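Q: The structure is given below, and queries will be raised subsequently.
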Amino acid sequence: MNLYGPSETTTYSTWVRMDRSHAGPVLIGRPIANTQVYILDAQGEPVPVGVAGELYIGGDGVARGYLNQPALTAERFVRDPFSADPQARMYKTGDLGRWLPDGNIEYLGRNDFQVKIRGFRIELGEIEARLAACAGVREAVVLAREDEPGDKRLVAYVVPAAAAEPTAVQLREALQTQLPEYMVPSAFMVLDAFPLTPNGKLDRKALPAPDGSSLMQRGHEAPQGEIEQGLAEIWRSLLKVEQVGRHDHFFELGGHSLLVVQMTSQVRERLGIELALREIFLHSTLSALAARMTTHVSTRTWSPLVQFKKTPGKPTLYLVPGLAMTAASFWDLAQSLDGRMNVHVLEAQGLEEGQKPCTRMEDIVEMNLSAMRENGLPEGPIVLGGHSYGGSVAFELARALEASGHRVQLMLIDNLLVLPWQLFRTTDPELKRVLSTDKRLKKLFDAQSAIYERYKPSGRFRGAVEVIYARGGKIKTMPERKRLHACWEYCEQKPVVSSVGGDHRSMLGAAHADELSEAIWQAWRRYIDGSEGFAH
């Protein structure tokens, strides 16, 4: 029998019957009688099954608070919003867990070490718990290091079990089956023992910086030819790594969507090749990308339409990115929807050599419509969506398609058409840094911002509308009527409203991709089935 519970909830709050030989995840079971356990995200919303969150405990066993410590009591004993009793309280444990499909809770450690990398909030304790459960690992610690200014990355440290020799490849592959990509460390260091303080506690500050051998690499094979060697040098500079091989993967070495933009600039400046952003996501290993640059890029005709994958017989979801974003922003969503929907992205003009950003919404709509028609529009209904600024572009595209006789379903992803566009202006320091160094991206951002600032819908849309907003974003803080006022004014059908985890940007990332893809899929099924919600 395994029992879990802090003293603040009368010692035991959950229980599970376990075999003594159990070697799997740490289970704490189900709540005992007259006890409620909630697993909530950073915004206090329940998380789906399988998603990590913080454990809160409610019910008859919750104490009144700490003696003579009102501030600490207010911080840890909070109102229970899930109880009909206005006086009910729940205890904020500071522990991490997740619901399993069978109704048990898996314990994932403490959340004391929360960090933010590229806009994602990460609980280091959750990664440590998963890493410690990997074969051959006795102890595990994970840090967010910034050894180079502006280059924050996750580094894992492990002490192996007796006679075990886990490799970085093995550890990474094990974590990839359990965690989203942005939570998988980019470097793994195997140590004989962890450094300790004079009091015998872990000395995190004494953990060594990762060297080139600890970074995630795939069986090194030296780059071949001028393009591979030049590309490898660019990767070494951007990713701050000592060595890059032919089979190394850009994103496994620590690359992300903002570095993609910088890579295309450096490829143009150093190698004289105009590399489309989409190529990096479709061909992410060094040798594959170099081969693409050699055989295809020079003869390629630019189009705003990016196809991640096309499976015959599957519906196609057309998406428009937000301010200064590219098809990369929908990468995780496309992977999650793979097998159910094809994802085509309509990128902005202005990031290729010799291009200037569009300055009028009308020109953007005409260009995207032409690309969609040249590629072949679906015979049946069209599903069209956009994130942030992209939602307004999608609205105008939907109206134009509707005017030409198509049935269209519109999905506004954290966009409400005409609310102040400044609401969505990014505060992401990494994006600001990239905008300050990449002139083309900055020009695109300024052009799109100007369009968004003066935007007003050109008329009313008659088709079905879905609004999907981020629970951790700014839209949630508005009264519902204010949130949907513009949609009611410019859409003839009442919008169907839903929400997903994350904030304005991270809702598109790996952590929330499955939840967002499910919301989109269910919206599409409602539309096709003619379910209640799309009627006047």
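The values are calculated or read from the model by the stated rules, or taken from the named source; none is laboratory data. None of the values given here were measured: they were computed from a predicted structure. Positions of Cβ are backbone-derived with ideal geometry, glycine not excepted, and every protein chain shown enters the neighbour counts. Keep in mind that these areas ignore ligands, DNA and RNA; they rest on the heavy atoms of the full protein, side chains included. Shrake-Rupley method; radii C 1.70, N 1.55, O 1.52, S 1.80 Å.
Q: State the antiparallel share, in %, of DSSP beta bridges confined to the chain, rounding to the nearest 5.
A: Taking every DSSP beta bridge with both residues in the chain, the antiparallel ones total about 60 percent.
Q: Place a +1 charge on the Cβ of each Lys and Arg in the chain and a -1 charge on the Cβ of each Asp and Glu, then give the dipole magnitude about the Cα centre in debye, rounded to the nearest 20.
A: Details: 61 positive and 65 negative charges, 214 e Å.
The dipole magnitude comes to about 1020 debye.
Q: Would you mind checking the pairs K205/K432; K474/K494; K432/K474; K92/K476; K240/K439 and listing those with alpha carbons more than 24 angstrom apart?
A: Where the Cα-Cα span goes over 24 Å, the pairs concerned are K205/K432.
Q: Further question: Just to confirm, what accessible area per residue do you get for region 330-418 at 1.4 Å probe, in whole Å²?
A: 34 Å²
Q: Additional query: What figure, in Å² to the nearest 10, do you get for the accessible area of I32 with a 1.4 Å probe and non-protein molecules left out?
A: Here the accessible area works out near 60 Å².
Q: Heavy atoms only, probe 1.4 angstrom, no DNA, RNA or ligands counted: give me L351, L108 ranked by accessible area, highest first.
A: Listed by decreasing accessible area, they come as L351, L108.
Q: Under 5 Å between amide hydrogens, which residues at least 5 positions from V408 or on another chain qualify, with H placed 1.01 Å from N in the peptide plane?
A: The list, which skips near neighbours in sequence, is I382, A464.
Q: At 0.36 nm per residue, and after removing the present C-alpha to C-alpha distance, how many nm does the segment from L191 to A84 gain when stretched out fully?
A: Stretched fully, the L191-A84 segment lengthens by 33.3 nm.
Q: Further question on the same structure: Hey, which aspartates and glutamates would be in cross-link range of K456, C-alpha to C-alpha under 14 Å, not counting anything within fewer than 8 residues on its own chain?
A: Within the straight-line limit of under 14 Å, K456 reaches these aspartates and glutamates: E362, E396, E489.
Q: If the cut-off is 14 Å between C-alpha atoms, which aspartates and glutamates fall inside it for K152, apart from same-chain ones fewer than 8 positions away?
A: Reachable aspartates and glutamates: D428, E430.
Q: If you don't mind, another one. Which order do the peptides 507-514, 317-324, 34-41 take when ranked by the mean count of other beta-carbon atoms within 10 Å per residue, highest first?
A: The most tightly packed comes first, giving 317-324, 507-514, 34-41.
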